[in-house]
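The values are calculated or read from the model by the stated rules, or taken from the named source; none is laboratory data. Small disclaimer: the values here were computed from a predicted structure and weren't measured. Methodologically, a virtual Cβ is constructed for each residue, glycine included, from the backbone with ideal geometry; neighbour enumeration extends over all protein chains shown.
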């Protein structure tokens, strides 16, 4: 799937950051860098790119004026949803065109086992 994402509008690291902001809410650049285990400078560049595309916005932290929080915008949420839909579509096509009926049944069985394990 990562190889397939090379054809997408946004890079895998950009989408990972957007997804994290969508699920966990606003965070500082430093918090994002720690969460993704990358250098703060690298995260700063990534946030700058996302901000230029209006996928994230920065604002002062109301509880600590020295901090700036990064949050996902509506456009960012749309980008995440579109990326998810593209990956799901690719996966459905791949299953349909690259797996025979027996393999598709085996995959469905494996998915049920994974669901059982995940609780």
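So the values come out like this:
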| item | result |
| --- | --- |
| Selection from the range 31-51 of residues that are farther than 23 Å from residue 9 by Cα and either more than 17 Å from the chain's Cα centre (by Cα) or assigned to a helix (DSSP H, G or I) (or both) | 31, 34, 35, 39, 40 |
| The lone exception for residue 5 - which of (1) assigned to a loop (DSSP other than H, G, I, E, B); (2) modelled with pLDDT under 95; (3) touching a helix residue (DSSP H, G or I) at 6+ places or on another chain (Cβ under 6 Å) it fails | (1) |
| Any hit, the range 52-67, residues being touching a helix residue (DSSP H, G or I) at 6+ places or on another chain (Cβ under 6 Å), within 17 Å of residue 12 (Cα to Cα) and in a helix (DSSP H, G or I) | no |
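Residue-wise test of (1) farther than 20 Å from residue 11 by Cα; (2) surrounded by 14 or more Cβ atoms within 10 Å (Cβ to Cβ); (3) more than 13 Å from the chain's Cα centre (by Cα); (4) at pLDDT 95 or above.
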{"residue": "28", "(1), (2), (3), (4)": "yes, yes, yes, yes"}
{"residue": "72", "(1), (2), (3), (4)": "no, yes, no, yes"}
{"residue": "79", "(1), (2), (3), (4)": "no, yes, no, yes"}
{"residue": "86", "(1), (2), (3), (4)": "no, yes, no, no"}
{"residue": "91", "(1), (2), (3), (4)": "no, no, yes, no"}
{"residue": "98", "(1), (2), (3), (4)": "yes, no, yes, yes"}
